[in-house]
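The values are calculated or read from the model by the stated rules, or taken from the named source; none is laboratory data. Just so it is clear, the model here is predicted, and its values are computed rather than measured. With ideal geometry, Cβ positions are generated from the backbone for all residues, glycine too; neighbour counts draw on all protein chains shown. Keep in mind that these areas ignore ligands, DNA and RNA; they rest on the heavy atoms of the full protein, side chains included. Shrake-Rupley method; radii C 1.70, N 1.55, O 1.52, S 1.80 Å.
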Amino acid sequence: MNVLLTNDDGINAPGLRALWSALKKAGHTVWAVAPMRQQSGVGQSLTVFDPLRVCEIEDGDFRGTGVHGTPVDCVKLALAELLPHKPDLVMAGINQGQNAGPDIFYSGTAAAAAEAAHAGLPSMAVSHAPHVRTPYMPAVAEHAVALAGRIRWGDIAPHRVINVNYPATDPAMWLGPKICPQSPAVWGNSYSRHQDPRGLPYWWLMGEIDASTVGIHSDRGLLQAGYITMTPLKFEYTDEASLAVLGKMGLEG
C-alpha cells in the first residue's frame, strides 16, 4: 500500500518514526508529512493568514517532509501538492498519550485522520496511552500496521476514522483489541494560577475527568483496563433527533 503518515507530535516524534519503520518493514511505500513542531491539542485548526513552508528531513533511513503548520495543514497540503498520487491509507500517530473519550475533540492526531476521511480516504488514528516515553513504541507500531492490514476498508462507511488506542502497559500484558464506543466523559475546566516575575498572573491547564462518567465499556474505560481499543468515528455534526424536534416547533416560515 501507499501510506500517508502524519501526526501532531511533530516529525521528529518517536511515535511517528516507529510507525514509519514498521510500515517500511511491512513493505509499504510511506510518505511522511508532519508538523515541524509539537501541535498537540490544536484540533481541526488551519493556517489561513500565513504561508505554509516545508522542510525536507533526512535522518538515517528516515525520509519525510516537515510542515510549518498544523496536522490538518499537513494532510491538506500533502494531498493537494506534495504527494505523487493519492494514498491508499492515511495513518496519524503514534500519538504520545491517549486519544479516547473527550480527548478526540481536541486532538490534532484525530483531526489529521478526520481530514483524510473527509477526503474519502481510509483513515486510522493511533495513540499510546502514556504521556511519557516508553520502550514500547516499536511494538505499538508493528501491531497497528498489522491491524490496519486486517481491516476490510471497503466495508467501512465513507468519511470514517478508525481510532485505535494502546494501553500504557508492557505489550505482553495487552488485552483485546476491543471494538467499543467513545466515552461520554468530559474534561473539567481546571487551571493552576501562577504569577510571573513581573507580578502578572498566568494560568496552566490542568483538568480532571469524573471517573464515574467514563463508562467501563467505553474506549477510555477499556483502555484503563488494559485493552487495545478500536472506535469508529464519524464527523457529521447534524443531530437528526433535534432536527425533527425543531421541525415541530413552527419555526420555519
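So, in segment 159-201, exactly how many residues are over 23 Å from the mean Cα position of the chain (by Cα), without any contact (Cβ under 8 Å) to a residue 40 or more places away in the chain and open to solvent by 70 Å² or more (accessible area, probe 1.4 Å)?
Number satisfying all stated conditions: 8.
Residue check: ASP239 meets all listed conditions (1) open to solvent by 60 Å² or more (accessible area, probe 1.4 Å); (2) under 30 Å from GLY27 (Cβ atoms) but one, namely (2). Residue check: is ASP155 over 25 Å from GLY215 (Cα atoms), without any contact (Cβ under 8 Å) to a residue 40 or more places away in the chain and either touching a His at 6+ places or on another chain (Cβ under 6 Å) or surrounded by fewer than 23 Cβ atoms within 10 Å (Cβ to Cβ) (or both)? In short, yes.
Residues in segment 1-37 that are more than 17 Å from ASP61 (Cα to Cα), in contact with a helix residue (DSSP H, G or I) (Cβ under 9 Å, 6 or more places away or on another chain) and open to solvent by 60 Å² or more (accessible area, probe 1.4 Å): MET1 only. The residues on offer are ALA225, ALA244, and the sole one that is among the small types (Gly, Ala, Ser) and at pLDDT below 95 is ALA244.
Being out of contact with any helix residue (DSSP H, G or I) (no Cβ under 7 Å at 6 or more places or on another chain), under 28 Å from LEU223 (Cα atoms) and either modelled with pLDDT under 95 or in a loop (DSSP other than H, G, I, E, B) (or both) is a description that does not apply to GLN98. Considering (1) in a loop (DSSP other than H, G, I, E, B); (2) open to solvent by less than 90 Å² (accessible area, probe 1.4 Å); (3) under 25 Å from GLN98 (Cα atoms), the lone condition that HIS217 does not fulfil carries the number (2). For segment 77-126: of the residues being surrounded by 24 or more Cβ atoms within 10 Å (Cβ to Cβ) and among the acidic types (Asp, Glu), which is farthest from THR29 (Cα to Cα)? By that ranking, first place goes to ASP103. Taken together, GLY120, GLY199, GLY154 contain a single residue that is in a helix (DSSP H, G or I) and out of contact with any Ser or Thr (no Cβ under 8 Å at 6 or more places or on another chain), which is GLY154.
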